[in-house]
1. How far, in degrees from 0 to 90, does helix B:384-403 lean away from the longest principal axis of the Cα atoms of chain B, to the nearest 10?
2. Specify the angular offset, from 0 to 90 degrees and rounded to the nearest 10, of the alpha carbon long axis of helix B:140-152 from the longest principal axis of the alpha carbons in chain B.
3. Take every Cα pair under 8 Å in segment A:114-226 that's 6+ residues apart, average their separations, divide by the length, and report that relative contact order as a whole percent.
4. Do you know the relative contact order of segment A:342-406, to the nearest whole percent, from alpha carbon pairs under 8 angstrom that are 6+ apart?
5. Net charge near A:Gly105: determine it from the other residues with C-beta under 12 Å of the C-beta of A:Gly105, scoring Lys and Arg +1 and Asp and Glu -1.
6. Report the FRET efficiency, 1/(1 + (r/R0)^6), for B:Thr256 and A:Arg395, where r is their Cβ-Cβ distance and R0 is 45 Å, rounded to 0.05.
7. Taking A:Arg365 in one copy and the same position in all the others, each labelled 7 Å out along Cα→Cβ, what are the pairwise distances from the first, in nm, shortest first?
8. Mind giving me the FRET efficiency for B:Ala47 and B:Asp16? R0 is 35 Å, r the Cβ-Cβ distance, nearest 0.05 is fine.
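Values quoted throughout were computed directly from the atomic coordinates according to the rules given, and no laboratory measurement underlies them. The structure presented is a predicted model; accordingly, all values stated were derived computationally and were not measured. Cβ placement follows ideal geometry from the backbone for every residue including glycine, while neighbour counts extend to all protein chains displayed.
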Number of protein chains: 2
Amino acid sequence: MAARTKYVLDEADLPDRWYNIVPDLPEPPPPPLHPGTREPIGPEDLAPLFPRALIAQEVTGESYVEIPEEVREVYRLWRPSPLYRARRLEKALGTPARLYYKYEGVSPVGSHKPNTAVPQAFYNAAEGVTRLTTETGAGQWGSALAFACAQFGLDCEVWQVRASYDQKPYRKLMMETFGATVHPSPSELTASGRAILAADPRSPGSLGIAISEAVEQAAADPSARYALGSVLNHVLLHQTVIGEEALRQFALAGDTPDLIVGCTGGGSNFGGLAFPFLREKLAGRMNPVIRAVEPAACPSLTRGTYAYDFGDTAGLTPLLKMHTLGHEFVPDPIHAGGLRYHGMSPLLSHIFELGLFEAVAIGQRECFAAGVRFARAEGIIPAPEPTHALAACVREALRCKETGEEKAILTALCGHAHLDLPAYGAYLVGEMTDHDLSEEALTAALATLP
Amino acid sequence: MAARTKYVLDEADLPDRWYNIVPDLPEPPPPPLHPGTREPIGPEDLAPLFPRALIAQEVTGESYVEIPEEVREVYRLWRPSPLYRARRLEKALGTPARLYYKYEGVSPVGSHKPNTAVPQAFYNAAEGVTRLTTETGAGQWGSALAFACAQFGLDCEVWQVRASYDQKPYRKLMMETFGATVHPSPSELTASGRAILAADPRSPGSLGIAISEAVEQAAADPSARYALGSVLNHVLLHQTVIGEEALRQFALAGDTPDLIVGCTGGGSNFGGLAFPFLREKLAGRMNPVIRAVEPAACPSLTRGTYAYDFGDTAGLTPLLKMHTLGHEFVPDPIHAGGLRYHGMSPLLSHIFELGLFEAVAIGQRECFAAGVRFARAEGIIPAPEPTHALAACVREALRCKETGEEKAILTALCGHAHLDLPAYGAYLVGEMTDHDLSEEALTAALATLP
C-alpha cells in the first residue's frame, strides 16, 4: 500500500475535553487589572459582557474542561479535521524533513475560528442570552460567529470595519447568508460610532472602533452579550481541540514532532495547536521546539514590550499584561488581516516569558512565496495568515536539506484563501511590498503605553 | 455514543477503478457522427484533441477501468470525500426522512471537477503532452484543470468567457495561483477569437466561443491537447468515484437509499453519483428512484428534444445524440453557471430514454431558498448548482413529513459557494428572479437544430 497522505480520525476520536495549560505552568500568568484602580478584576466585572460559564473558563484552575455534547454535535460537521503529510511539498523542496500540517480550512467558514465560536454561542444560548454582538475586520471571525449563532438560534450582530465592509463584500455576504446582521463601523447605531462620524463622516473605521461599538451594544442590552475571537484564555482553551487531535494523529503516523510552527495574531491558532504538545513537553514525554511566526509589520513578540496595556485602541478593556506594540499602534495594511493586532494573548505572552517557545518575524513577500509553492504542490491555497508559518517551515525544510536532518515538522494550516485571492493576485503581479516595522514607528508606538 | 454525522472512509478505501455503465445497459448509446458524412466518428478523428488513453476510455466496452496509482496519489489530497447525514436539516424540516449528502466541496478547488481534471492531466503528461488548453465560464472547471496541471507539471492555458473574466476575478486568481495562464475570450490569440472581435470588439464572449479558441489552439500545437470538464463518456467515468465511495459509506451507515437526487448541467456530477447505484439497481440489489434536477431556465431533459446536435455553439464538434435545446440556445444568466449548457451528456440522455431515471426542472429562487435553509442548518453554503438538487430534496422531505414515510434520500453536494456569494446576496435582498424558459423561446431555440 502507498505511503499515507492523510491521517483522519473517526468521529469517536473527537476530543471530549479542552485542555487548560495554566495549572501545568511553573508560575501562573499575571491577572488583568482594572484600568482605574489597577487592582485585579473579578468575575463580576466581566458579567455584563460574557456568560458565567465562559467567565469561569477564563479563570479556571482545572486542567480540563468537558466539551458539552451539544458543542461536540456541531463540531462533528467538520471535526476531527485532517492531519496531512505534505509529501508533494517535501518532494518539491527536495528535503529529507517530514512536513505535516493540521488543516482547519475544512470548517464551514474555512478557518479555525468556529472551534471557539460554537462553544461561545452554546454557553450564551444556555444562559438565556438571545443576541451576540461582535466586531470583525476582514470577516473570518464574524463569519464563524454568524455560523455558530445560526446553529443555536441566536441573533448575531456584527460591526465590520468599514474599509473591509466596502472592499471585501464576500465575507459580509457569508455572514448574511448565515442570518447575521452586519453593520459597517463606525455606525450611527452607537454613541462611540456617532462620535467618530461626527469628527470624520468618512472614517474608514478600525478594529478598535468596531470593538467599542459591539461592546457598547452588548452592555446596553440585558439579553445580549459580546463575543471575542482570540486573545482571551477561554478562546485559547477551546482551540486546544486542534492540538489534541494532532497528538492522536501523530500517534497514528507513528511519528513525533521535532518542531512545531504556528502563526500568531491574537494567538488562538498557535495556542490551540501548541498547548497540548507543550503539556507533553513539560511532562517530559516529548521535546519539540515550538516556534511562533508573526508578520514583520506587526512583531509584538519579537519587538514589542511585555507590559500592561489595553486590549483595544479606545482603551475600554481591562489592562492586560502582554507583549504589545502599544494599543494605539495601527499596523500597515498587510494582507494577513488576522495577524494585525497590536498585542499578544496574555497567556501566550507569559509562556513566552517563561522561555517555553521561540518567535520569529517574517515579511509578507516571503510568506506569499511559500503560499504559492505550497498551493502548487499540495493543492490548497493557504490563507495569508498561515503562509507565515509555512514560510518558516520552508526555511527549516531547506535547512534540513543542507544538513541532512530528517526532522518532523508540524504546522497548523488554519485556513484557506478562497476569499483572499486578491492578495495572491497582488503577489503574482509583483505589486506586493513588505512593511517591516521601522525603529521610528516602533518607538512612537511604544510611547502610547498607559 | 451519539448518532453519526459523517461517514469517513480510510485512504485504503479509495476506489481503485472507475465504473463504466455502458456494458450494463440493455442497449448501447448511439455513436457520435461526423458532421459532414453523418457517419460514426473513429478514434483517429479525436486524436488531435485527446490523448490515446482517454479516447480509449471514451469508447471502452470494459465494465471497469483501473485508476493509475499516480492519479490515486493526487486524489488522496481530498478523497475519499465525506458522506454526511444531514441531521440538523432533517430536524429543521421536521421530516422523518433520512437525508444524506456526499460532499465534494472538500476538493482543492471546492467542487467535483478535479475528479476528472486529475486523470486528464495525468494521461496527457504520460503521453508526452506538455500543454493543455480548455475553456471555462465562471471558472470551476478552469480552476480544477489548473490545479491538476500543477500536479503533473503541465502548462495550462484557459480561455475564460470575458464577462466572467471581468466580473468574477477570484476564480481567475485561483487559476493563476496554480500557475495557469488565463485569457479573456474572445482573444486576439486565435482566428476564431479575432473573427468575433472584428465583428464586435466589445463581445462579452460565450462558452461556445471559448471552446472554439481552446480547440483551435490545441489542434494547432502537436505538443498540446484539449480538455473538457463534462458531457463526454470518459469524464462521467472518472466521476464514478463519487458513487463508488457513497455506496461503501451507505454500507457503513447500514442504510440503503430510496431516492437519489443530483443536479444536471453537462451531467458529470449526476452521472458520477448515480451510475454505481444504477449498476446495483440493474443487478436487482437495490431499487432507488433516481432523479435529475435541472434549472427551469435550461431544461434540456424535461423540455428539450432527443436529437443529434452540436456540442458547441459554433458547430465545430461531432454531432452528438442528446437531449438538447439547440446548439444556438443561450440560457438566461442564472447564477448556476455550471448548469447553463444547451445539451445533456449523450450517455445520460440515452439512459434517460431507457427510462432508468426521471427528471424535474426547478426555478432558481426555490433553489436558493433551499440553499439558505441548508446553510443555516448544516453550516455549508452550497454552490448554486447543487441548490437545485437540494430544492428537490426539501420537496421530498416535506412530502415525507406529510405522509410519514421514512425515506432515505441521497444527494451530491458537488461544491460550496465561497466564490458564488454575490448570488446569495442577490437572493437575500430580493433581487433574484426566475428565468423559466418560455414556449416561444423554446420553439425558436429548437428551430436551430442541424
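1. Compared with the principal axis, the helix lies near 20 degrees.
2. Value to nearest ten degrees: 80.
3. 30 percent
4. Relative contact order, segment A:342-406: 25 percent.
5. That works out to -2.
6. Details: r = 53 Å, r/R0 = 1.17.
Computed FRET efficiency for B:Thr256 and A:Arg395 comes out at 0.30.
7. Those separations, rounded to one decimal, come out as 5.3 nm.
8. 0.80
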